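Working notes, beginning with the structure itself.
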Amino acid sequence: MNKTDIVFGAEKAEDSSGFLLWQVTTLWQRRIKQSLDLLDLTHTQFVLLATAASLSQNGNIVTQIDIANQSKTDRMMVSKVLRTLQSKGLIERREHRTDTRAKEITLTRKALDLVQKAVVAVEQTDREFFGVLRTERESFNESMRQLIKRDAERSIV
């Protein structure tokens, strides 16, 4: 076999679900980045802030682990990004009241204002990007939920 005789499972790249997902994700992330650059936030920073804001509603105590689990993000990366957010004055991290191994996360007023602006920007970007799906958008979302659920089931085993 010479260097150009690579056998692919899909006849064309456009037939590969993984490749298509990678392309769509790359295009979508580029749009999200453009929206969040205006607010001096990375996409990861936004996701972690929005996750913390969502989890803290109703007065719930939020830990770094809660944020990592909810966002399905690596725990070490969450810790690193939260340190950056703390240095930006967007969160406060302190020892958990009952679990000395855990860090309790609280968003500052500045963060709450910023998250609200960022949510509006991200949701607008999503509407524009995914709007082409029209009536198929809910089916698309359900397919993604199935993939997430299946992965979670495999992770348990």
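The values are calculated or read from the model by the stated rules, or taken from the named source; none is laboratory data. Just so we're clear, the structure is a prediction, and the values are computed from it rather than from any experiment. When we count neighbours, we look across all protein chains shown, and the Cβ atoms used for this are built from the backbone with ideal geometry, even at glycine. Side chains are part of the model used for accessible areas, which takes the heavy atoms of the whole protein and leaves out ligands, DNA and RNA. Shrake-Rupley method; radii C 1.70, N 1.55, O 1.52, S 1.80 Å.
Every listed requirement among (1) of a type outside the set (Ser, Thr, Tyr); (2) part of a helix (DSSP H, G or I); (3) over 30 Å from Arg94 (Cβ atoms) is met by Asp66 save one, (3). Of all the criteria given as (1) modelled with pLDDT of 95 or more; (2) under 23 Å from Lys80 (Cβ atoms); (3) not polar (S, T, N, Q), the one not satisfied by Lys117 is (2).
Using the structure shown, decide if Leu39 is of a type in the set (A, V, I, L, M, F, W, C), modelled with pLDDT of 95 or more and outside any helix (DSSP H, G or I). Here the answer is yes, as Leu39 does meet what is asked.
For segment 127-149, the set of residues classified as among the polar types (S, T, N, Q) and farther than 26 Å from Asn69 by Cβ consists of Thr135, Ser139, listed by residue number. When you scan segment 68-77, do you find a residue that is at positive phi, open to solvent by 70 Å² or more (accessible area, probe 1.4 Å), touching a helix residue (DSSP H, G or I) at 6+ places or on another chain (Cβ under 8 Å) and not hydrophobic (A, V, I, L, M, F, W, C), even just one? For segment 68-77, residues at positive phi, open to solvent by 70 Å² or more (accessible area, probe 1.4 Å), touching a helix residue (DSSP H, G or I) at 6+ places or on another chain (Cβ under 8 Å) and not hydrophobic (A, V, I, L, M, F, W, C): present. The condition (being closer than 16 Å to Leu39 by Cα and either in contact (Cβ under 8 Å) with a residue 60 or more places away in the chain or part of a helix (DSSP H, G or I) (or both)) is satisfied by just one residue among Val122, Val132: Val122.
Only one of the numbered conditions (1) over 30 Å from Ala111 (Cβ atoms); (2) among the aliphatic types (A, V, I, L, M); (3) not in a loop (DSSP other than H, G, I, E, B) is not met by Val7, and that is (3).
Is segment 89-97 home to any residue that is within 20 Å of Leu38 (Cβ to Cβ) and over 20 Å from the mean Cα position of the chain (by Cα)?
There is at least one residue in segment 89-97 that is within 20 Å of Leu38 (Cβ to Cβ) and over 20 Å from the mean Cα position of the chain (by Cα).
Here is the figure for segment 51-67: residues that are among the small types (Gly, Ala, Ser) and either at positive phi or buried (at least 20 other Cβ atoms within 10 Å of the Cβ) (or both) total 2. Scanning segment 1-50 for residues that are surrounded by 13 or more Cβ atoms within 10 Å (Cβ to Cβ) and touching a residue at least 60 places away in the same chain (Cβ under 8 Å) yields Trp28, Arg31, Ile32, Ser35, Leu36, Leu39, Leu41, Phe46, Leu49, Ala50. Taken across segment 89-102, residues that are among the β-branched types (Val, Ile, Thr), in contact with a strand residue (DSSP E or B) (Cβ under 9 Å, 6 or more places away or on another chain) and either under 26 Å from Gly18 (Cα atoms) or surrounded by 11 or more Cβ atoms within 10 Å (Cβ to Cβ) (or both) do occur, with at least one present.
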